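Novice: Structure provided below as structure tokens; questions to follow.
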Amino acid sequence: MDPLRRLADRFARLLSGSGPLAAGRGFASGVLALALAGLALLAVLAFHFPEYLTTPELRRRYPVELLRQFLLAALVLAGSVSLVNATLGRTRWLNASAFAIVVLAVALGGHRVPVGDFADGTPYLGVDWFVLDLLGSALVFVLLEKLSPLRPGQPVFRADWQTDLGYFAVNHLAVGLLLLVTNALVHAFFGWASYPPLQQAVRSLPGWVELPLLMLVADLAQYWLHRAWHRVPALWRIHAVHHSIDTLDWLAGSRMHLLDMLATRVAVLGMVFVLGFSRWAIDLYIVIVAFHAVLNHANVRLPWGPLRHVLVTPEFHHWHHASDRQALDRNFAAHFPFLDRLFGTLHRAPGELPARYGVLGETLPRGFLRQQWHPFRRPTP
Ligand SMILES: [Zn+2]
Ligand SMILES: [Zn+2]
């Protein structure tokens with residue numbers, strides 16, 4: 001077999017594989033170097049084409065010099081690890097490839113790519129958001145999952161991580177389009193329903209009341225829509241995509257059918273818009289909900305204490321994903337578990353974990369595109 005073909009075969013096997021990374025032989029460190037080199041290369045491209053590859057809401061606030069230092073550190077780290085491994089003959093094909101990507105990123109300008117004036121308002125992919133959120137979330141949550149796991153021994157590259165990374169990529173790269181569609185739908189559905197005196201009253205609440213109230217309103221909207229996704233068969237076929245995950249971790253929560261994600265965002269933000277909450281409260285809520293959604297799926301055990309009755313924890317949401325019969329259609333809340341207590345859908349089993357996750361009686365296909373199409377296929381009897 002010619003060397004290029006062999007390299008392509010090895011990469012295909014690497015990218016389709018799963019399980020713990022074999023220790024020693026420079027494999028685990030090679031995978032890390034490869035991932036870091038790939039992200040660094042994407043960052044260099046984003047510096048070259050900021051108008052097409054960065055998110056306007058983020059790039060206005062960037063500490064650019066600091067980001068350049070991060071990029072340099074990533075290049076040095078990935079470059080030195082892969083070079084040492086490759087020189088010592090430790091999984092040479094992998095480490096030499098990682099080093100080649102570092103060389104390419106440096107040849108394209110590395111951390112020194114100048115950024116001049118550029119047009120605003122161009123269509124864009126959120127490459128910057130993808131790179132930064134993937135790095136940040138992986139760093140925080142992989143560390144938490146290793147330090148204090150709910151299920152010890154679950155590997156980072158667990159079964160079907162590729163599907164969920166695909167969702168993560170689409171959700172981040174298409175951030176602009178999703179925002180545009182969500183805003184248009186919120187205004188189309190809820191634009192008529194504004195009552196200025198009520199909005200004025202909400203906006204004049206003190207901050208420490210307004211934010212929790214916003215979260216409560218959002219979770220109430222989410223709770224009832226979520227129950228509908230489970231109750232109505234045609235809706236369940238769409239929501240089942242989110243429930244098709246059989247290994248839960250920080251990345252798993254990204255898996256959600258686009259219609260599910262859009263409808264939930266429109267319903268929640270619609271209520272928030274009608275009640276006229278302040279801009280700062282909405283912005284803060286979006287940060288909180290993004291973090292809480294990732295945490296709820298993470299394989300993390302934290303010492304919640306009595307807070308577990310007030311805030312949704314990973315244990316609580318893991319039971320929502322259980323396919324154990326006693327836990328089906330339970331724990332719909334995203335922030336406040338007392339909503340499930342109030343409406344009679346709470347399931348708690350202190351000290352226990354679900355026997356299995358996933359959709360009862362059905363196995364969904366793998367991959368983003370196949371899962372997007374799956375709800376519209378004729379159900380198998
Ligand atoms: Zn659900
Ligand atoms: Zn979930």
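Novice: Pull out all pairs, ordered by first then second residue, where Cβ-Cβ is under 6 Å, the residues are six or more apart or on different chains, the first lies in region 221-247 and is more than 16 Å from His374 (Cα to Cα) and more than 12 Å from ligand 1 (Cβ to nearest atom), and the second is small (Gly, Ala, Ser) and outside any helix (DSSP H, G or I).
Specialist: The qualifying pairs are Asp246/Gly358; Thr247/Ala159.
Novice: If you don't mind, there's one more thing I want to ask. Working only within region 98-137, note down all residues that are out of contact with any His (no Cβ under 7 Å at 6 or more places or on another chain), closer than 21 Å to Phe11 by Cβ and buried (at least 17 other Cβ atoms within 10 Å of the Cβ).
Specialist: Ala98, Phe99, Ile101, Val102, Ala105, Val131, Leu134
Novice: May I pose another question? Quick check, is Phe189 touching an Asp or Glu at 6+ places or on another chain (Cβ under 9 Å), assigned to a helix (DSSP H, G or I), surrounded by 12 or more Cβ atoms within 10 Å (Cβ to Cβ) and of a type in the set (Phe, Trp, Tyr)?
Specialist: No, not satisfied.
Novice: Would you check which residues across region 344-362 are touching a residue at least 40 places away in the same chain (Cβ under 8 Å) and part of a loop (DSSP other than H, G, I, E, B) and list them?
Specialist: Here is the first cut: in region 344-362, the ones touching a residue at least 40 places away in the same chain (Cβ under 8 Å) are 345, 353, 356-359, 362.
Passing the criteria: Thr345, Leu353, Arg356, Gly358, Val359, Glu362.
Novice: For Val102, state whether it is in contact (Cβ under 8 Å) with a residue 24 or more places away in the chain and of a type outside the set (Ser, Thr, Tyr).
Specialist: Considered against the rule, which asks whether it is in contact (Cβ under 8 Å) with a residue 24 or more places away in the chain and of a type outside the set (Ser, Thr, Tyr), Val102 comes out as yes.
Novice: With respect to Val202, determine if the residue is over 28 Å from the mean Cα position of the chain (by Cα), in a helix (DSSP H, G or I), among the hydrophobic types (A, V, I, L, M, F, W, C) and surrounded by 13 or more Cβ atoms within 10 Å (Cβ to Cβ).
Specialist: So Val202 fits the description; yes.
Novice: Among all residue pairs at least 6 apart or on different chains, which show Cβ distances below 6 Å where the first residue, located in region 318-335, is touching a residue at least 40 places away in the same chain (Cβ under 8 Å) and the second is within 13 Å of ligand 2 (Cβ to nearest atom) and outside any loop (DSSP other than H, G, I, E, B)?
Specialist: His321/Tyr357; Asp329/His230; Phe332/His226; Ala334/Gln222
Novice: Keeping to region 139-164, report how many residues are buried (at least 17 other Cβ atoms within 10 Å of the Cβ) and assigned to a helix (DSSP H, G or I).
Specialist: Going through region 139-164 one residue at a time, the tally reaches 6.
Novice: Further question on the same structure: Could you identify the single residue in Ala327, Ala290 that is under 24 Å from Phe157 (Cβ atoms) and either in the same structural domain as Leu211 (by TED's automatic domain parsing) or surrounded by 20 or more Cβ atoms within 10 Å (Cβ to Cβ) (or both)?
Specialist: Being under 24 Å from Phe157 (Cβ atoms) and either in the same structural domain as Leu211 (by TED's automatic domain parsing) or surrounded by 20 or more Cβ atoms within 10 Å (Cβ to Cβ) (or both) holds for just one of Ala327, Ala290, which is Ala290.
Novice: May I ask you to say which residue of His318, His335 is within 16 Å of ligand 1 (Cβ to nearest atom) and in a helix (DSSP H, G or I)? Before you say what the answer is, go through the steps one by one.
Specialist: Working: His335 fails: in a helix (DSSP H, G or I).
After applying the criteria, what remains is His318.
Novice: Could I ask something else about it? Criterion first (over 17 Å from His335 (Cα atoms), within 16 Å of ligand 2 (Cβ to nearest atom) and aromatic (Phe, Trp, Tyr)) does Trp250 satisfy it?
Specialist: no
Novice: A follow-up question, please. Given the conditions (1) within 16 Å of ligand 1 (Cβ to nearest atom); (2) assigned to a helix (DSSP H, G or I); (3) farther than 21 Å from Arg151 by Cα, and given that Asp329 satisfies all but one, which numbered condition is not satisfied?
Specialist: Of everything listed in (1) within 16 Å of ligand 1 (Cβ to nearest atom); (2) assigned to a helix (DSSP H, G or I); (3) farther than 21 Å from Arg151 by Cα, Asp329 misses just condition (2).
Novice: Out of region 281-326, which residues are away from ligand 2 (no atom under 13 Å from the Cβ) and aromatic (Phe, Trp, Tyr)?
Specialist: Tyr285, Phe291, Trp304
Novice: Another question about this same structure. Every residue in region 77-97 that is out of contact with any Gly (no Cβ under 6 Å at 6 or more places or on another chain) and surrounded by 14 or more Cβ atoms within 10 Å (Cβ to Cβ), please.
Specialist: Of everything in region 77-97, those that are out of contact with any Gly (no Cβ under 6 Å at 6 or more places or on another chain) and surrounded by 14 or more Cβ atoms within 10 Å (Cβ to Cβ) turn out to be Leu77, Ala78, Gly79, Val81, Ser82, Leu83, Val84, Ala86, Arg92, Trp93, Ala96, Ser97.
Novice: Take the residues of region 106-138 that are over 12 Å from Ala43 (Cα atoms), part of a loop (DSSP other than H, G, I, E, B) and among the aliphatic types (A, V, I, L, M): which is modelled with the lowest pLDDT?
Specialist: Filtering region 106-138 for residues that are over 12 Å from Ala43 (Cα atoms), part of a loop (DSSP other than H, G, I, E, B) and among the aliphatic types (A, V, I, L, M), the one modelled with the lowest pLDDT comes out as Ala119.
The values are calculated or read from the model by the stated rules, or taken from the named source; none is laboratory data. Remember, it's a predicted structure, so these values are computed and weren't measured experimentally. So basically every Cβ, Gly included, is an ideal-geometry build from the backbone, and we count neighbours across all protein chains shown.
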